[in-house]
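What follows is a set of notes on a single structure, which appears directly below.
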Amino acid sequence: MDKLTAWERLSIIRNPKRPNAYDYISSVFEHYYEMCGDRLYGDDRAITGGIATFQKLPVTVLATVKGKNLEQNKEVNFSMAHPEGYRKALRLAKQAEKFGRPVICLIDTPGAYCGVQAEQRGQGEAIAKNLKEFMRLQTPIISIITGEGGSGGALGLGVCDELAMLENAVYSVISPRGAANILWRDPQKEKDAANTMKITSNDLLKLKIADKIIPEPAGGAHNDVKMVCENIVEYLFEALKKNCKKSLENLLKSRYNKFRKVGMFNE
Amino acid sequence: MMKDLFKVVRSRIGIDIQNPRKNKLNVPPGLLFKCPRCQSAIFKEEFELAGRICTKCGYHSRLTALQRLEITADKGSFIEYDQGLSSVNPINFPGYEEKVNSLIQKTGLKEAIITGECKIRGERCVIGIMDSHFMMASMGSVVGEKIARAFERAIDKKLPVVLFTASGGARMQEGIVSLMQMAKTSGAVALHSEAGLFYCTVLTDPTTGGVTASFASLGDIILAEPKVLVGFAGRRVIEGTIRQRLPDEFQSSEFLQAHGFVDMIVERKRMRHVLYRLLRFHKKEAVPDWIN
Ligand SMILES: [Zn+2]
């Protein structure tokens, strides 16, 4: 699988047949009860959140949602969340903290929504607050990028104790198209940008941003959803066991260090 | 779409412009239930059989506290708290005692809420159920006190709280004393929450005013029955202020959910199961062995 380029992987994860958050949630967890609303402005369908059990353990699940067709995609705004989505996620994360439930985040989004209303309601503030609050949340957080890890919109659910990526998932500071536009003023160079920017799960593992790659079947997750879900279960089982054992002090310290140590420079 | 927009408004005014014939049904009024949401008139028998739910639109109509208790708690599990509390007349409001006394006679209730402990499919919790048939379940001293005591007992016993809300708001007849019940009950919720305990509210028809603006909105999880009325200010007050008719969905549970204030809308027939599941999720002993 290493032979696939970032561009080829992008086409796999953008395949409309690729499983979405609800597919993963329904087979990885039991008794998923979806909770709505940020208690401030609205309920953003681009992010789903709720309580479920994982192998009998109550957990809080937060996930960006992609639609399977145009109608669904309109409802979930092509998985691009507004501030109320991030605020709902934070509300549910704080609830998880109160009751000592681990938080599991599933991420597949091209990015946070860019628009007038999103700005009016404080898109930047909403993401920023999640980064700060998730960093200090007194319960384990495990995040998995299942498809596109689009920039700040992904990081809004991406401050965690352990980050895993599905084999074909990508994680990037900007969409390849956006990068091509900014770097070369040519959105047609999307493919070059994708292959240049080190966005695959292997790249991220090498950069020590991702901690684990979860294998997919040949051709991508949609070819055997059951197998991918089993792999996710196996991963979560180990990750939760490891992180729930840590003392709170230890947990928060290593979460801080996970991000603190990122950066390359001479001095 | 625009037609729908004003349906509820018309229904609240009590006339159906679209279908004037509906207003002249030649059936004795006692035999029919007229839905405040969709304006349909359905036979009372059908309505009762459906569990006091409009069979046309799914509006979940009001229950008495005892009816609610019966469909919620395990049989024989309910132990009532503070049965003896009854109203006095804090500001000597004319006719208040008489009104309360006549409602006691009429409803067989002592006040607008019953509180106590019960089990829901075996899960223990403190429960409170408001009854709109008693002075529109307005909150005076007794309601406030019973709720505060219920939370305090729940803290002592480390129990979750489930509250079915319904209220016209603060009880005007008790003046400023009733306003303070909002702060008092919210304070009790805060202490219960600080103790790390779970609080679930179920918004039922109608939950308004000072109750919406206090303990009803403070649940860790907020459930609502379908199509019920939930809001702070009354529709007519708002329409008068802004001089506009308000949309169909305004102040319905669905409206509230879309605006971020309700977690789940739960049909009456699923409520017991959902409460059971939520209580299970929040039980400390629920942690399985493999995690340790
Ligand atoms: Zn109806």
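The values are calculated or read from the model by the stated rules, or taken from the named source; none is laboratory data. In this text, all values refer to a predicted model and were calculated from it rather than measured experimentally. Positions of Cβ are generated from backbone atoms using ideal geometry, with glycine treated the same way; all protein chains shown enter the neighbour counts. Accessible surface is based on the protein model in full, side chains and every heavy atom, while ligands, DNA and RNA are left aside. Shrake-Rupley method; radii C 1.70, N 1.55, O 1.52, S 1.80 Å.
Things worth noting here:
For (1) within 14 Å of chain B (Cβ to nearest Cβ); (2) over 19 Å from A:Val159 (Cβ atoms); (3) in a strand (DSSP E or B), each residue gets a yes or a no:
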{"residue": "A:Arg39", "(1), (2), (3)": "yes, yes, no"}
{"residue": "A:Gly42", "(1), (2), (3)": "yes, yes, no"}
{"residue": "A:Arg45", "(1), (2), (3)": "yes, yes, no"}
{"residue": "A:Ile51", "(1), (2), (3)": "yes, yes, yes"}
{"residue": "A:Pro58", "(1), (2), (3)": "yes, yes, yes"}
{"residue": "A:Ala63", "(1), (2), (3)": "no, no, yes"}
{"residue": "A:Gly85", "(1), (2), (3)": "yes, no, no"}
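- Note on the range B:255-290: residues that are of a type outside the set (Ser, Thr, Tyr), more than 16 Å from the chain's Cα centre (by Cα) and open to solvent by less than 40 Å² (accessible area, probe 1.4 Å) amount to 9.
- Filtering the range A:9-37 to residues that are touching a residue at least 24 places away in the same chain (Cβ under 8 Å) and either within 10 Å of chain B (Cβ to nearest Cβ) or in a loop (DSSP other than H, G, I, E, B) (or both) leaves A:Arg14, A:Asn15, A:Pro16, A:Lys17, A:Arg18, A:Pro19, A:Asn20, A:Phe29, A:Met35, A:Cys36, A:Gly37.
- Residues of the range A:87-144 satisfying the condition of being over 24 Å from A:Asn257 (Cβ atoms), open to solvent by 10 Å² or more (accessible area, probe 1.4 Å), in contact (Cβ under 8 Å) with a residue 12 or more places away in the chain and within 14 Å of chain B (Cβ to nearest Cβ): A:Arg87, A:Arg91, A:Gln95, A:Phe99, A:Arg121
- Checking A:Lys66 against (1) crowded, with 23+ Cβ neighbours inside 10 Å; (2) more than 17 Å from the chain's Cα centre (by Cα), the condition it does not meet: (2)
- Criterion violated by B:Ser141 - all others in (1) out of contact with any Cys (no Cβ under 9 Å at 6 or more places or on another chain); (2) open to solvent by less than 10 Å² (accessible area, probe 1.4 Å) satisfied: (2)
- Test result for B:Ser217, crowded, with 20+ Cβ neighbours inside 10 Å, within 14 Å of chain A (Cβ to nearest Cβ) and away from the ligand (no atom under 16 Å from the Cβ): yes
- Across the range B:227-254, the number of residues qualifying as within 16 Å of the ligand (Cβ to nearest atom) and open to solvent by 40 Å² or more (accessible area, probe 1.4 Å) comes to 3.
- For the condition part of a loop (DSSP other than H, G, I, E, B), out of contact with any strand residue (DSSP E or B) (no Cβ under 9 Å at 6 or more places or on another chain), away from the ligand (no atom under 15 Å from the Cβ) and open to solvent by less than 70 Å² (accessible area, probe 1.4 Å), B:Ser77 does not qualify.
- The conditions of being among the charged types (D, E, K, R) and more than 10 Å from the ligand (Cβ to nearest atom) are not met by B:Arg37.
- Count of the range B:56-74 residues which are more than 18 Å from B:Met135 (Cβ to Cβ), away from the ligand (no atom under 16 Å from the Cβ) and touching a residue at least 24 places away in the same chain (Cβ under 8 Å): 5
- Look at (1) within 14 Å of chain A (Cβ to nearest Cβ); (2) in a strand (DSSP E or B) and you find that B:Ser193 fails only one, number (2).
- Residue within the range B:110-121 that is under 20 Å from the mean Cα position of the chain (by Cα), at pLDDT below 95, closer than 22 Å to B:Val211 by Cβ and open to solvent by 10 Å² or more (accessible area, probe 1.4 Å) present: yes
- Within this structure, B:Phe232 fails the test of being in a helix (DSSP H, G or I), more than 18 Å from B:Ile127 (Cα to Cα) and not basic (Lys, Arg).
- When residues of the range B:258-292 are limited to those that are without any contact (Cβ under 8 Å) to a residue 60 or more places away in the chain and in a loop (DSSP other than H, G, I, E, B), the one farthest from the other protein chains (Cβ to nearest Cβ): B:Asn292
- Within the range B:56-72, being open to solvent by less than 30 Å² (accessible area, probe 1.4 Å) and either part of a helix (DSSP H, G or I) or over 18 Å from B:Ala224 (Cα atoms) (or both) holds for B:Ala65, B:Arg68, B:Leu69, B:Thr72.
- Of all residues making up the range B:45-55, the number that are surrounded by fewer than 16 Cβ atoms within 10 Å (Cβ to Cβ) and either within 14 Å of another protein chain (Cβ to nearest Cβ) or more than 10 Å from the ligand (Cβ to nearest atom) (or both): 5
Yes or no, residue by residue, for (1) within 14 Å of chain A (Cβ to nearest Cβ); (2) touching a helix residue (DSSP H, G or I) at 6+ places or on another chain (Cβ under 6 Å):
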{"residue": "B:Ile222", "(1), (2)": "yes, no"}
{"residue": "B:Arg236", "(1), (2)": "no, no"}
{"residue": "B:Glu249", "(1), (2)": "yes, yes"}
{"residue": "B:Phe255", "(1), (2)": "yes, no"}
